[in-house]
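Engineer: Pasting in a structure now, in structure tokens, and then I'll have a few things to ask.
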Amino acid sequence: MDLFQVYYKVYGKDGGQGTKRKASPTKFSPKKAKVSDDVETYPSLPTVTWDRLQLIKEIGAGEYGTTSLYNLTLENGDITEVAVKVLHDDTPVTCEARVLYELAGAGGAPLLYGVTSDPPAIVMEFIHGVPLFAVDQLEEAYEATVDAVYEFHAAGFCHLDIHPGNIIVDTSTSPYTAHLIDVGGSKKIPADTTGANDVKEIDWTSVSIIYDDFNSSD
Ligand SMILES: Nc1ncnc2c1ncn2[C@@H]1O[C@H](COP(=O)(O)OP(=O)(O)OP(=O)(O)O)[C@@H](O)[C@H]1O
């Protein structure tokens, strides 16, 4: 029995209750980071203005957007590192931002500080760690990933784009902590049991493929 099957057996197909883990230790809650409310553009989402953001460096560009490391000046004058994702082609940032807002750190997802306008971008917690494929202790990283997926589901969302590049592992904690990032394709889990199981199954299939890939590359 491999690790994935062990978790499947222990927690069951529908997932355990999944205790919501605290997101990365940070003294700033998203509420505290709120800078202003632009209720017309982004109802109920916190907003951040560009004058409070200072570019440090670009981190990487993906299919849907470019993510960079910035310093964000908070209302109290403190400065914190954030990841800022500008989506390509004027894709609205509100869907991904809303998922982050509702997850509130579940599954290790980055906390949302807010959204900007002109240009629109998502300002979120910068996750310190390494991509899953760069971790030494793979078994421990898998366990952390499985825990993160259970938490994500318990918060009412399925990720739907789980692959090694979307899992950042914080190896400074014991055991490791996995963070699921890139929630642009995530969806709310349907209320009916069959629909819920179907979408969760998509995530678990991705997790098992990752597990098999790494085992076969040994
Ligand atoms: N909150 C974050 N904290 C730290 N690094 C992040 C964060 N969000 C994204 N990154 C990193 O930024 C880089 C780009 O990520 P991004 O999500 O923009 O695109 P991608 O995952 O490469 O591709 P795609 O958007 O096509 O799925 C990746 O290396 C990713 O690990």
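The values are calculated or read from the model by the stated rules, or taken from the named source; none is laboratory data. Treat the numbers as computed from the prediction; the structure is a model and nothing was measured. Positions of Cβ are generated from backbone atoms using ideal geometry, with glycine treated the same way; all protein chains shown enter the neighbour counts.
Engineer: Of all residues in the stretch 119-146, which are touching a strand residue (DSSP E or B) at 6+ places or on another chain (Cβ under 7 Å) and among the charged types (D, E, K, R)?
Structural biologist: If the condition is that a residue be touching a strand residue (DSSP E or B) at 6+ places or on another chain (Cβ under 7 Å) and among the charged types (D, E, K, R), then Glu125 is the only one that fits.
Engineer: Any chance the stretch 76-83 includes a residue that's within 14 Å of the chain's Cα centre (by Cα), modelled with pLDDT of 90 or more and more than 20 Å from Phe157 (Cβ to Cβ)?
Structural biologist: So far as the stretch 76-83 goes, yes, one or more of its residues are within 14 Å of the chain's Cα centre (by Cα), modelled with pLDDT of 90 or more and more than 20 Å from Phe157 (Cβ to Cβ).
Engineer: What strands (runs of 3 or more DSSP E), lying completely within the stretch 117-218, carry at least 1 residues that are surrounded by 16 or more Cβ atoms within 10 Å (Cβ to Cβ) and charged (D, E, K, R)?
Structural biologist: Strands (runs of 3 or more DSSP E) meeting the threshold: 121-125, 167-170.
Engineer: May I ask you to list the residues in the stretch 81-104 that are within 14 Å of Gly185 (Cβ to Cβ), in a helix (DSSP H, G or I) and among the β-branched types (Val, Ile, Thr)?
Structural biologist: Residue satisfying the conditions is Val99 alone.
Engineer: How many residues does the stretch 181-201 hold that are β-branched (Val, Ile, Thr) and under 27 Å from His128 (Cα atoms)?
Structural biologist: Qualifying residue count, the stretch 181-201: 2.
Engineer: Considering the stretch 59-80 alone, what residues qualify as being within 9 Å of the ligand (Cβ to nearest atom) and part of a strand (DSSP E or B)?
Structural biologist: Those that are within 9 Å of the ligand (Cβ to nearest atom) and part of a strand (DSSP E or B): Ile59, Gly60, Ala61, Gly65, Thr66, Thr67, Ser68, Leu69.
Engineer: Looking at the stretch 50-72, I want the residues that are acidic (Asp, Glu) and have a partner that is assigned to a strand (DSSP E or B) with Cβ atoms under 6 Å, at least 6 apart or on another chain. Which pairs are those?
Structural biologist: These pairs meet every condition: Glu58/Ser68.
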